[in-house]
Number of protein chains: 2
Amino acid sequence: MEFEITREYIDRLKELVEENNTDELKATMEPLHPADIAEVMDDLTMDEAKFIYLLLEGEKASDVLIEIPEQHRRRFLKVLPPELIASKFIEYMDSDDAADIMADLDEDMKQEVLKEIEDTEQAGDIVDLMEYEEDSAGGIMAKEMVSVNENWTVATCLKEISRQAEEVDEIYYIYVTDDQDRLKGVLSLKKLILNSTNTKISNLFEPDVISVRTSARQEEVAEMMDKYDLVAIPVIDGIGRLKGRITFDDVIDFVREEAERDYQMIAGIAGDVEPDDRAWELIRARFPWLLIGMIGGIMGALVLGSYETELSRVTELAFYIPLTMAMAGNVGVQSSSIVVQGIASGVKDVGATGKRLLKELTVAFTTASIFAVLIFIYNYFAQGNMDLTLSVSISLFIVMLYASFFGTLIPLLLHKLKVDPALATGPFITTMNDILGLFIYFVIGKMFFDIL
Amino acid sequence: MEFEITREYIDRLKELVEENNTDELKATMEPLHPADIAEVMDDLTMDEAKFIYLLLEGEKASDVLIEIPEQHRRRFLKVLPPELIASKFIEYMDSDDAADIMADLDEDMKQEVLKEIEDTEQAGDIVDLMEYEEDSAGGIMAKEMVSVNENWTVATCLKEISRQAEEVDEIYYIYVTDDQDRLKGVLSLKKLILNSTNTKISNLFEPDVISVRTSARQEEVAEMMDKYDLVAIPVIDGIGRLKGRITFDDVIDFVREEAERDYQMIAGIAGDVEPDDRAWELIRARFPWLLIGMIGGIMGALVLGSYETELSRVTELAFYIPLTMAMAGNVGVQSSSIVVQGIASGVKDVGATGKRLLKELTVAFTTASIFAVLIFIYNYFAQGNMDLTLSVSISLFIVMLYASFFGTLIPLLLHKLKVDPALATGPFITTMNDILGLFIYFVIGKMFFDIL
């Protein structure tokens, strides 16, 4: 059953560490899932966490390590000797997790740890995996999987699976290869069980197997696994040889991280922070976008300064600065976020810039007309200055039009330039639109009052 | 291998439909995955899509139906007779998918379809599932799974699994129950294969099985499956009886949807829209938040109007309206989004309002100080009015402080009140902060110039 971390439990652990009561500590942690132990460690001091961590043995120790958040893990690994890392963690891990851990180490440490790994097959797998780009299919796959030869019988397979399965936590699918190791198809454990032991594998397997190349980008892999509801996907090289497999848990993590990144971009937060992070990390994450906001504000002041004469002549002109800015900002964020989300969810033709801009213009034209009329009606009744009423409506219309246009165009352009389109959301588009919006507002306002 | 939809492929299909060439159409679609067929149908007209859809047979037809986006599926189902829905789709589906489809139908249709289902076990399962709340574990689980009795041997199990596995696409885990159907543990297929056929199940299964109650919220289920990297989780009732299981693909979809919803909230988009949606849907989705922005803008105009005397005396006061608004808006969105993301990712103690506000105040105080000093330095050199320089710095400091405070407090309050905290992000917090920010700015500006 699920385990709930309570204040009492943590206090009890702290006491036990204080008393150096290792037997009791081991007994307390025995029934916990590695993910729970990692969570408990998060509530302890670094020294306490290290103390209880070193009591863990074998596979449990390595499973817990994988569950510790990356930034803490790095600090943790720094204080441990290379032979301990090799013997206590790396040897027990799946190759993909081991390669992730290795990537956290600095170059010297990496070499030393590699030397200390006694299982040469594991060391070889890790070195292989480290060759791939970090965010490619090769970089996230694990070497552990179950594969069988197409010419075998069910009986041979079962024997071979028993052997291979030692290293593999969950089998999910059995991959079928030919003598050159090329992926030919896939077989479910279910089928294997339901057929007689002398059936040939070649008569059982499913030849239409969905696979990815080692060079495929992480996004592609996630998209395919999601689309086809796959719990694992085989990874092949350029000539179709089976190299590894990627499992659903990597994809869930990836989907979550991608979504968080886009969210933080639109919220104007730089880098991955959480409410639990320390204050200075939160400050650092907010600073860049606030600085952009401030520069935008200063530019706004300069725009307004250049219209000082008009402002001092017609004070009411200032009244609609907030309206102009609010609408420009909101429209810009709405437009850019729809494009960014479309790109993220892999909508086809998102690159068909012309067509998309045309539709966006229809939407913008309609919305801008509605709000221009609404503000006209409000101003017509609320205040007597007809020039102001007209110029506010007209400029709002134009500002909303151009804000939609830029909000759509800029992420599309960034995407074409292979830059993350999410950069164009949030504070960026708001700031840019604010300034241009103010400028348009004053150009039109000036026209009206000059004509007068 | 993966299938790529090309313009040519679609054109070819359209031609074949035109020619009424059903044999060729069937042959063309034969090798396609249901998800691909659904995608292809999306590129056809409603009539064309219906034509090719009705050529599909048995399980494939029902698999494709599940993959069609919900809004299209509803329109599709409306035009089909109940007996066809029952015999062509529902009978072949997993019970959770069938219940989802049933939820798309109106009440009369639902009853008629239920009557037409010949497989009474399936009909019973569907009725059972429809009893649960839609977003509870009971509402998303499937009844199809493999379960065995703890007193059986491996041999009995294998036989029973062969029988049960007919209905279950993927086994993943075998659940072990006692004579009262209560969940006792879990067994992997791997273990079953690796042990001799006369071993008793009670000696093999893993008793520490992580499960959820039928009443658990969808969020909880997703969190647990993600935390413990589970490919499937068993669902039990109040007295521990095994009722169904939830698989990873439901969770990936849920995680994705949740993230999209939060993103659209902060972007000021009401409801689920995509760039491919029709123009009027996009307009409707944007309208509510723009209206809020406009009301905010009008309130801003009223605030400024009440300081007309000051504005006409000191025109420069208007220059820093954009700065005040930009900073208030950005700080507010940053603060609220960090809280919302914290709540979404299940950070503990997020409800510890006092502690969180205190930390947020530290962050806010530091950030506000930095930017107050920066704008002071800029203004000191850029322009001669010392009163303005001072009042802008001081008001910026106060505005940033309160914007952080509200940005943090409001989502926390909403969360306590069981309202979606994401409502407090984006246009909502920006608009509120803009107005209050302007007010503070003028109160302080007036003080400085009145003293003068």
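The values are calculated or read from the model by the stated rules, or taken from the named source; none is laboratory data. Being a predicted model, the structure only gives us computed values, none of them experimental. Virtual Cβ from ideal backbone geometry, glycine too; neighbours counted across all protein chains shown.
Of note:
- B:Asn433 vs. criteria among the polar types (S, T, N, Q) and at pLDDT 85 or above: yes
- Within the range B:48-67, the residues that satisfy the criterion of being of a type outside the set (Gly, Ala, Ser) and under 19 Å from B:Asp169 (Cβ atoms) are B:Leu56, B:Glu57, B:Glu59, B:Lys60, B:Asp63, B:Val64, B:Leu65, B:Ile66, B:Glu67.
- Matching residues in the range A:141-160 - criterion: being among the β-branched types (Val, Ile, Thr) and either surrounded by 21 or more Cβ atoms within 10 Å (Cβ to Cβ) or at positive phi (or both): A:Val146, A:Val148, A:Val154
- Across the range A:208-218, not a single residue is classified as at the interface with another protein chain (Cβ under 9 Å from one of its Cβ atoms), buried (at least 17 other Cβ atoms within 10 Å of the Cβ) and assigned to a helix (DSSP H, G or I).
- Tally, over the range A:191-247, of residues that are touching a residue at least 60 places away in the same chain (Cβ under 8 Å) and under 16 Å from A:Leu129 (Cα atoms): 16
- A:Glu260 fulfils the conditions (1) in contact (Cβ under 8 Å) with a residue 12 or more places away in the chain; (2) at the interface with chain B (Cβ under 8 Å from one of its Cβ atoms); (3) assigned to a loop (DSSP other than H, G, I, E, B) except for a single criterion, (3).
- Count of residues meeting criterion [of a type in the set (Lys, Arg) and modelled with pLDDT of 90 or more] in the range B:378-420: 0
- Total residues in the range B:263-272 satisfying the condition of being more than 7 Å from chain A (Cβ to nearest Cβ) and either touching a Lys or Arg at 6+ places or on another chain (Cβ under 9 Å) or acidic (Asp, Glu) (or both): the figure is 3.
- Filter result (touching a strand residue (DSSP E or B) at 6+ places or on another chain (Cβ under 9 Å) and among the hydrophobic types (A, V, I, L, M, F, W, C)) within the range B:167-193: B:Val168, B:Ile171, B:Ile174, B:Val176, B:Leu183, B:Val186, B:Leu187, B:Leu189, B:Leu192
- Qualifying residues in the range B:274-289 (those that are facing another protein chain (nearest Cβ under 7 Å) and part of a loop (DSSP other than H, G, I, E, B)) - the one nearest to the chain's Cα centre (by Cα): B:Glu274
- Of all the listed residues (A:Ser404, A:Ser395), the sole one being in the same structural domain as A:Arg286 (by TED's automatic domain parsing), crowded, with 24+ Cβ neighbours inside 10 Å, over 20 Å from the mean Cα position of the chain (by Cα) and more than 13 Å from A:Val331 (Cα to Cα) is A:Ser395.
- Residue check for B:Phe248: in contact with a Phe, Trp or Tyr (Cβ under 6 Å, 6 or more places away or on another chain) and surrounded by 17 or more Cβ atoms within 10 Å (Cβ to Cβ): yes
- All of B:Gly332, B:Gly300 fail the test of being facing chain A (nearest Cβ under 8 Å) and in a helix (DSSP H, G or I), apart from B:Gly300.
- Answer from B:Asp181, B:Asp100, B:Asp125 - the residue that is free of Cβ contacts under 8 Å to residues at least 40 places away in the same chain and either more than 25 Å from A:Leu230 (Cα to Cα) or in contact with a Lys or Arg (Cβ under 8 Å, 6 or more places away or on another chain) (or both): B:Asp125
- Listed by position, the helices (runs of 4 or more DSSP H) inside the range B:83-132 whose residues that are touching a strand residue (DSSP E or B) at 6+ places or on another chain (Cβ under 7 Å) number at least 2 are B:95-104.
- Taking the numbered list (1) at positive phi; (2) modelled with pLDDT of 85 or more in turn, A:Gly58 passes all entries but (2).
- Residue list for the range B:32-45, filter: touching a Phe, Trp or Tyr at 6+ places or on another chain (Cβ under 8 Å) and not β-branched (Val, Ile, Thr): B:Leu32, B:His33, B:Ala35, B:Asp36, B:Met41
Let's see how each residue does on (1) assigned to a helix (DSSP H, G or I); (2) in contact with an Asp or Glu (Cβ under 9 Å, 6 or more places away or on another chain):
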site: B:Ser337; (1), (2): yes, yes
site: B:Val340; (1), (2): yes, yes
site: B:Leu358; (1), (2): yes, no
site: B:Ala364; (1), (2): yes, no
site: B:Tyr380; (1), (2): yes, no
site: B:Phe397; (1), (2): yes, no
site: B:Leu412; (1), (2): yes, no
site: B:Val419; (1), (2): no, no
site: B:Thr431; (1), (2): yes, no
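- Count - residues of the range A:168-177 that are out of contact with any Pro (no Cβ under 9 Å at 6 or more places or on another chain) and buried (at least 16 other Cβ atoms within 10 Å of the Cβ): 6
- Pick from the range B:303-326, criterion more than 7 Å from chain A (Cβ to nearest Cβ) and surrounded by fewer than 24 Cβ atoms within 10 Å (Cβ to Cβ), ranking: farthest from the chain's Cα centre (by Cα): B:Arg313
- Residues satisfying the stated conditions in the range B:407-441, i.e. over 20 Å from the mean Cα position of the chain (by Cα) and among the small types (Gly, Ala, Ser): B:Gly407, B:Gly437
- Filter result (away from every other protein chain (no Cβ under 13 Å) and over 19 Å from the mean Cα position of the chain (by Cα)) within the range B:236-255: B:Asp237, B:Gly238, B:Ile239, B:Arg241, B:Leu242, B:Lys243, B:Gly244, B:Arg245
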